[in-house]
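Quick note: the coordinates plus some simple rules give every number you see, no bench work behind them. Quick caveat: nothing in here was measured; it's all calculated off a predicted structure. All Cβ positions, glycine included, derive from the backbone under ideal geometry; neighbour counts span all protein chains shown.
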Amino acid sequence: MWWMTKNHNPSGASDGSENIQSWNLEQHAVYMATVAKHFKDNWGVEFETVDPFNEPSANWWKADGTQEGCHVDVSTQAKIVGYLDTQLSNRGLSTKIAASDESYYDQAATTLKTIGSSALSKIDRINVHGYQYGSGDRAGVHTLATQAGKSLWNSEYGDGVASGENLAKYLFQDLRQLKPTAWEYWQVLDQGGWGLIDADNDAKTLGKSTQKYYVLAQFARHMRPGMKILDGGRDNVVAAYDASKSLLVIVAVNWDAAQYINFELSGFSGRPSSGATVSRWSTQIGSGDRYVQHLDTTISGTKFWSKFEKNMVQTFEVTGIKL
């Protein structure tokens, strides 16, 4: 809260340094736990997790900014996590702690390495944001989270490219290298290419869906909660498997000249017979097809293939698959 900061400015310190008052570290935890308890008692909403920080290692939270934020040193993060764990427990809440929602993968890795074993033991889930885009040690964050026995989320990703090109590039990287169990987009309604649907939240106006909306649909409408993510074998391919439905979902993108891409199924213990139909959907990044279903693809032996135009995303659903 603004009154917990050194300069009483919720946008940050003048130089982007740590701005929370040292005597308010526990008060910050008290405030968060009290709010969580209020939601449970008054509205029957019990949070699965709370995160006491938002991009705390960032140095761009400055007093002249237009967005609330506060730099918090890693050593201070550790203290707050300890206080928050106690305060949640004191209120009889089952709510766990997620942390630290760092902006970059590299910042998340540094925080995980230096926050200390005591604080880390009190964190239930690792949250990281995707604003390092094509850079950063995604695999390293995954390894650190796995070693610590924590689940891992990309709890915020956004970009200003309405075509969906960047979203596709970095979502493939996240699924293949970061391997999060949840992936969340910044804001559905926004302007300047940031929204999945173009909207001006200040003016309260709503425009059309962007091409990015349909690029994300190729993943989100088919790779559903509870499915197991599989290695697609190439950087431009991801796959998900639903054992209860014997369903394989493959999402692939082609960044090069128009070409046919083959998908080999011989590694599965069970698969549909030759001639079986594979449902597919296509979205053209930038402009063109938004989300079109096709029923023109069939299994031939142990494989199937499809033509991809340049900068096209396609999703395939194969039924009758056994791992």
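Here are a few things to note about the model shown:
- Members of segment 130-139 found to be outside any loop (DSSP other than H, G, I, E, B) and surrounded by fewer than 24 Cβ atoms within 10 Å (Cβ to Cβ), listed by number: Ala139
- A single member of Ser282, Ser274, Ser244, Ser306 is within 29 Å of the chain's Cα centre (by Cα), of a type outside the set (Lys, Arg) and not in a strand (DSSP E or B), and it is Ser244.
- Boolean, Ala63 is within 25 Å of the chain's Cα centre (by Cα) and small (Gly, Ala, Ser): no
- Pairs with Cβ under 9 Å, 6+ apart, first in segment 298-321 and without any contact (Cβ under 8 Å) to a residue 60 or more places away in the chain, second buried (at least 21 other Cβ atoms within 10 Å of the Cβ) and among the aromatic types (Phe, Trp, Tyr): Thr298/Phe304; Lys303/Phe263; Phe304/Phe263; Trp305/Phe263; Ser306/Phe263
- Exactly one residue out of Ser89, Ser17, Ser57, Ser75 is within 28 Å of Lys150 (Cα to Cα) and not in a helix (DSSP H, G or I): that is Ser57.
Table: residues versus (1) on the phi > 0 side of the Ramachandran plot; (2) surrounded by 17 or more Cβ atoms within 10 Å (Cβ to Cβ); (3) acidic (Asp, Glu).
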position: Gln218; (1), (2), (3): no, yes, no
position: His222; (1), (2), (3): no, yes, no
position: Asp242; (1), (2), (3): no, yes, yes
position: Ala252; (1), (2), (3): no, yes, no
position: Ala258; (1), (2), (3): no, no, no
position: Leu295; (1), (2), (3): no, no, no
position: Lys307; (1), (2), (3): no, no, no
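- Condition broken by Lys37, with the remaining ones in (1) touching a Phe, Trp or Tyr at 6+ places or on another chain (Cβ under 7 Å); (2) assigned to a helix (DSSP H, G or I) satisfied: (1)
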